[in-house]
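For reference, the structure discussed in these notes is given below.
The values are calculated or read from the model by the stated rules, or taken from the named source; none is laboratory data. Not measured: the values here are computed from a predicted model. When we count neighbours, we look across all protein chains shown, and the Cβ atoms used for this are built from the backbone with ideal geometry, even at glycine. Accessible surface is based on the protein model in full, side chains and every heavy atom, while ligands, DNA and RNA are left aside. Shrake-Rupley method; radii C 1.70, N 1.55, O 1.52, S 1.80 Å.
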Amino acid sequence: MVKKITDRVSWVGKTDWELKRFHGDELSTDRGSSYNAYLVRDEKTVLIDTVWRPYDREFVSRLKETTDLHAIDYIVMQHNEVDHSGALMELMREIPDTPIYCTKKGEAILRGHYHQNWHFVNVRTGDKLSLGSVELTFIEAPMLHWPDTMFSYLSGEEILFSNDAFGQHFASESLYDDGVEEQEALMYEAMKYYANILCPFSAMVGRKVKELQAMQLPIKLICPSHGLIWRKQPALIVEKYQQWADAYQEQRVTIAYDTMWQSTRLMAEAIADGIRDVLPAYEVKLMNAAKDDKNDILTEMFRSRAVLVGSPTVNNGYTYAIAGLLEMMKGMKLKKKLGAAFGSYGWSGEAAKQIAEHLATAGLDVSVEGYRTPWVPDEEALAQCRAFGQEFAKQLA
Ligand code: FEO
C-alpha cells in the first residue's frame, strides 16, 4: 500500500509482519520489520530505495498503481544490501535506462550482486540532485551499515532519508513513531538494532552524527529504511545514537551463562547476589545463553557496565551456546566494559580460563582469572561465589 507522507513524498515500501529472523539466522526480529522505500514527486520524480527480493513483484505492481514507471526520472540507492536493492532487477526490467544514483561503492555492490550494466551516476557528500522546486543533497555515511551507505536530505520538506541508520525492526500499521502505543518497545528495538548491527562501527557512527549535527539541517522527519519514521522528536534518536556510539553504558551488569546440570547456574545466581550486595542500584540481569534470545543478550551486554560469562567445562572447552555468544561479542567491538568468566567443572576445568581469554580478546577489561568451582557447589562454595561477585562489583563502585 502506498502511504502519503507529504504532498510530494509517499512511502512505497513493504511491511513484513512475519519476519522473525534477519541476516539469515543472525538477528531476531520479534516484532517484524519493514523495507521502506520512498517516492518523491516534484517537477522530477525520484524513487529512493526498493525492498527485499521476495516482495519485488508486489513492490513493482504497487508502484505502478501510484505512478507510471516511466515517469520515474531517477532512482537513488542509498545502500545496496539485498533488503533494499532486492527489487531492482524486477523494476529495471521495466525501466532499464533510468539512472541509478549511488556512491561509487554502491555501484560496485550493485554490479557484484546483479551483474548488470545499468546507468550508474556516482555521487559524493554535498552533491545535489534538483527535482525542480526541491532538491536532494547526498551525505556519504560509510559503514552505517555497509561501505556504500549514504543519506539523502530533501530540502523544502526537511526530510532526512537515513537508510539503515536510525532504523528499527518494528512492523506497524502506523508509519510514525508517535503512531504506536508501545513507545518503550520501539526504543528497545532501536537499541537492539544499534547493538546488533551498528555497534561494531560505533567510531564511524559517532563521527557521522557529529558531522550531521554540525550541518544544522532543519529536520522535520527522519525516514529510515526499516521501521517507523521519527516525527515526534527526530533530534532525540540522533542524540541517542551519539550516546550509543560513545562506549555506552547504564548501571547494569549482564551475566550470561550456560549450564548442563545446574552447577554453573547456581554459581551465576550467587555471583549476581554478590554484585547486588555492593551495587544495590544496579540491574543485574541473568540470561541463559542456550535459552534466551542471543540478540537480546547482546543488547543487554551493550547497555551494561560489566559482563560476566559462565560455562561448565565440557570436552576441554565450553558449551556450544557460549561459543556462539563469544564470537558475536567479539564482532561487537565493545568498549570500556569490565568482564569476567566463571564456570563449574569436574576434572580438567579449562572453560573459565578460556572464556576469560576470549573476553579480553573481545576488548573487555578482564582483570581476574576465570572463577571455577568443582562439581556441585555446596553452601561454602556458593558463599565464595558471592564473595567473588562482591569483589568484582567493587571495581564498578
Ligand atoms: Fe537494511 Fe544493511 O540493510
Kindly establish whether Glu58 is under 17 Å from Leu39 (Cβ atoms) and either more than 16 Å from the ligand (Cβ to nearest atom) or hydrophobic (A, V, I, L, M, F, W, C) (or both). yes
The condition of being among the aromatic types (Phe, Trp, Tyr), closer than 23 Å to Trp146 by Cβ and away from the ligand (no atom under 16 Å from the Cβ) holds, among Trp244, Trp261, only for Trp244
If we keep only residues of the stretch 213-226 that are under 22 Å from the mean Cα position of the chain (by Cα) and open to solvent by 10 Å² or more (accessible area, probe 1.4 Å), then the residue modelled with the lowest pLDDT is Gln213
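Collect the residues in the stretch 35-49 that are within 16 Å of the ligand (Cβ to nearest atom) and not aromatic (Phe, Trp, Tyr), keeping them in residue-number order.
Those that are within 16 Å of the ligand (Cβ to nearest atom) and not aromatic (Phe, Trp, Tyr): Asn36, Ala37, Ile48, Asp49.
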So, first residue part of a helix (DSSP H, G or I) in the stretch 70-86, second residue more than 15 Å from the ligand (Cβ to nearest atom) and open to solvent by 10 Å² or more (accessible area, probe 1.4 Å), Cβ within less than 8 Å, six or more apart or across chains; the pairs are Ala71/Thr45; Ser85/Tyr114
Among (1) more than 22 Å from Thr29 (Cα to Cα); (2) not in a strand (DSSP E or B), Gly343 falls short only on (2)
If you go through Asp97, Asp68, Asp25, the only one that is surrounded by fewer than 16 Cβ atoms within 10 Å (Cβ to Cβ), under 20 Å from the mean Cα position of the chain (by Cα) and more than 14 Å from the ligand (Cβ to nearest atom) is Asp25
Taking the stated definitions as given, is Leu286 over 21 Å from Glu26 (Cα atoms), open to solvent by 10 Å² or more (accessible area, probe 1.4 Å) and touching a helix residue (DSSP H, G or I) at 6+ places or on another chain (Cβ under 6 Å)?
yes
Checked the stretch 113-133 for anything farther than 20 Å from Ile95 by Cα and either assigned to a strand (DSSP E or B) or not basic (Lys, Arg) (or both); matches are Val123, Thr125, Gly126, Asp127, Lys128, Ser130, Gly132, Ser133
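Being away from the ligand (no atom under 16 Å from the Cβ), in contact with a helix residue (DSSP H, G or I) (Cβ under 8 Å, 6 or more places away or on another chain), in contact (Cβ under 8 Å) with a residue 24 or more places away in the chain and open to solvent by 50 Å² or more (accessible area, probe 1.4 Å) is the requirement here; does Arg53 meet it?
no
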Of the listed residues (Asp73, Asp127), the one being more than 30 Å from Gly206 (Cβ to Cβ) and either touching an Asp or Glu at 6+ places or on another chain (Cβ under 7 Å) or away from the ligand (no atom under 15 Å from the Cβ) (or both) is Asp73
For the stretch 80-94 the number of residues that are within 16 Å of the ligand (Cβ to nearest atom) and open to solvent by 10 Å² or more (accessible area, probe 1.4 Å) is 2
Report task. Kindly establish whether Arg62 is part of a helix (DSSP H, G or I), at negative phi, open to solvent by 60 Å² or more (accessible area, probe 1.4 Å) and free of Cβ contacts under 8 Å to residues at least 60 places away in the same chain. Result -> no
Within the stretch 227-243, the residues that are in a helix (DSSP H, G or I) and open to solvent by 10 Å² or more (accessible area, probe 1.4 Å) are Pro234, Ala235, Leu236, Val238, Glu239, Lys240, Gln242, Gln243
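Suppose we keep only residues that are open to solvent by 10 Å² or more (accessible area, probe 1.4 Å) and more than 22 Å from the chain's Cα centre (by Cα) within the stretch 135-152. Which one would you say is nearest to Ile237 (Cα to Cα)?
Selected residue: Thr137.
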Restricted to the stretch 153-202 and to residues being away from the ligand (no atom under 16 Å from the Cβ) and among the charged types (D, E, K, R), the residue surrounded by the most Cβ atoms within 10 Å (Cβ to Cβ) is Asp177
For the stretch 187-199, pairs from a residue that is of a type in the set (Lys, Arg) to a residue that is in a helix (DSSP H, G or I), with Cβ under 8 Å and 6 or more apart or across chains, are Lys192/Asn295; Lys192/Asp296; Lys192/Thr299
